[in-house]
1. Which condition number in (1) in contact with a Ser or Thr (Cβ under 6 Å, 6 or more places away or on another chain); (2) closer than 23 Å to Glu142 by Cα is the one that Gln251 fails?
2. Restricting attention to segment 283-297, and to residues there that are hydrophobic (A, V, I, L, M, F, W, C) and closer than 26 Å to Met235 by Cα, which single residue is surrounded by the fewest Cβ atoms within 10 Å (Cβ to Cβ)?
3. Residues that are in a strand (DSSP E or B) and either more than 18 Å from Ile104 (Cα to Cα) or not small (Gly, Ala, Ser) (or both): does segment 164-174 have at least one?
4. Hey, can you tell me all the residues within segment 298-325 that are part of a loop (DSSP other than H, G, I, E, B), surrounded by 13 or more Cβ atoms within 10 Å (Cβ to Cβ) and touching a residue at least 40 places away in the same chain (Cβ under 8 Å)?
5. From the list Ala201, Ala174, Ala169, which residue is over 20 Å from Tyr124 (Cβ atoms) and away from ligand 2 (no atom under 12 Å from the Cβ)?
6. Which ones in segment 75-104 are within 14 Å of ligand 1 (Cβ to nearest atom) and either outside the structural domain of Glu28 (by TED's automatic domain parsing) or touching a strand residue (DSSP E or B) at 6+ places or on another chain (Cβ under 6 Å) (or both)?
7. State which residue is nearest to Ile275 (Cα to Cα) when the search covers only segment 185-213 and only residues that are in a loop (DSSP other than H, G, I, E, B) and away from ligand 1 (no atom under 15 Å from the Cβ).
Amino acid sequence: MTKRALITGITGQDGSYLAEFLLEQGYEVHGIVRRIAIEDPAHRLWRILAIKDRLHLHAASLESLPSIYRVFQAVKPDECYHLAAQSFVSYSFEDEFSTLNANINGTHYVLAALKDCAPACRFYFAASSEMFGKVAEVPQRETTRFHPRSAYGISKVAGFDLTRNYREAYGIQASCGILYNHESPRRGFEFVTRKITSHAARIKLGLIRELKLGNLEARRDWGHAREYVRAMWMMLQQPLAEDYVIATGEQHTVREFAEVAFSCVGLDYRNYVTIDPQLLRPAEVETLLGDASKAKRELGWTSKISFKELVAEMVEADMKHFAAGNEK
Ligand code: NDP
Ligand code: GDR
């Protein structure tokens with residue numbers, strides 16, 4: 001029997017890699033997209049254009065329970081990966097309201113529709129290391145206390161609690177992946193890694209001259225998105241639902257990321273990077289480092305792509321992208 005998967009946020013970085021992975025596994029893959037994306041595929045569906053004809057796309061909105069309900073009734077999925085979210089932490093300081101609305105109510109709507117229309121469907125929630133925020137221990141694991149530092153982090157703690165409650169109260173087989181930062185050539189340009197690699201490439205090509213950044217000393221545990229979506233799937237193949245930290249266990253500063261990225265194109269980042277105080281966050285998550293030993297033990301998952309390989313792949317892709325005359 002062909003398994004049916006439903007992905008919310010299929011147009012995003014993780015959704016696109018996950019859709020490819022599930023197609024390879026023989027799944028029938030359905031995705032929820034915004035109505036406008038269907039009208040404007042070249043701009044809105046660029047990450048999934050190559051596989052679009054093999055996907056079943058449904059227009060629905062995270063803000064509308066009836067629209068999500070209709071998709072669940074029509075698809076009756078075996079597995080649901082809930083990835084859609086306002087995912088940019090900085091923006092969540094500018095607009096707390098839409099972040100909390102989309103991320104908390106959106107998650108609630110997906111869970112409520114699943115419970116009524118497909119109660120045997122396994123559910124994955126995209127939780128985040130941002131839930132640890134002002135970290136209570138180093139490294140962080142599944143039992144570490146949450147202390148979010150942004151509306152985004154708060155929304156993910158609420159989504160985590162909603163997911164656990166649907167598991168405990170209604171018996172839904174629901175897991176949370178507490179994923180640390182993961183990047184790729186498909187990362188949005190607003191995130192610091194892609195901002196750095198895209199600027200390094202454009203500076204090398206003579207298209208621009210400088211890169212403005214905020215906190216260069218922030219520390220993150222950066223992995224590759226292609227490997228992280230596999231962990232999502234592995235979680236849902238377990239007989240019992242559990243929550244897992246997914247991380248590399250290695251930490252680097254933003255400064256180190258810039259140093260490695262610029263050196264990939266033979267440049268010294270110190271000649272191009274300036275600090276823009278406007279890019280500092282009202283409350284910063286200074287340091288994140290994950291302990292993924294539970295995922296290794298129970299899922300057999302580990303991260304294999306190194307930090308330098310990740311940065312090099314992103315820079316190389318951006319060199320090609322901008323050399324071909326593409327705008328952002
Ligand atoms: P992206 O920002 O690349 O993708 C977000 C997706 O959510 C897009 O498909 C976007 O659609 C969709 N979306 C956003 N707002 C809405 C809305 N109001 N209604 C419908 N769809 C919406 O995120 P990633 O792929 O990087 O991350 C996937 C998930 O994992 C997110 O929930 C994120 O918070 C979480 N996460 C990510 C981590 C990372 O390092 N990447 C780490 C930990 C958690 P559209 O294209 O139309 O805007
Ligand atoms: P993050 O990712 O907030 O960790 O959330 P981001 O790449 O935006 O920031 C990482 C760190 O870099 C510092 N920084 C800058 N960040 C951006 N965006 N732009 C800059 O110019 C800049 N300069 C320094 C930030 O202050 C921060 O410390 C990502 C998202 O994918 C979330 O959805 C996800 O949940 C978490 O990772 C885990």
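1. Of the numbered conditions (1) in contact with a Ser or Thr (Cβ under 6 Å, 6 or more places away or on another chain); (2) closer than 23 Å to Glu142 by Cα, the odd one out for Gln251 is (1).
2. Leu289
3. no
4. Selection gives Trp301, Ser303, Ile305.
5. Of the residues listed, the single one that is over 20 Å from Tyr124 (Cβ atoms) and away from ligand 2 (no atom under 12 Å from the Cβ) is Ala201.
6. Cys80, Tyr81, His82, Leu83, Ala84
7. The qualifying residue nearest to Ile275 (Cα to Cα) is Glu210.
Here's the yes/no breakdown for (1) within 16 Å of ligand 2 (Cβ to nearest atom); (2) in a helix (DSSP H, G or I); (3) outside the structural domain of Glu242 (by TED's automatic domain parsing); (4) modelled with pLDDT under 95:
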{"position": "Leu49", "(1), (2), (3), (4)": "no, yes, no, no"}
{"position": "Lys52", "(1), (2), (3), (4)": "no, yes, no, no"}
{"position": "Gly106", "(1), (2), (3), (4)": "yes, yes, no, no"}
{"position": "Phe125", "(1), (2), (3), (4)": "yes, no, no, no"}
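The values are calculated or read from the model by the stated rules, or taken from the named source; none is laboratory data. Remember, it's a predicted structure, so these values are computed and weren't measured experimentally. Glycine also receives a Cβ, built like all others from the backbone with ideal geometry; neighbour counts cover every protein chain displayed.
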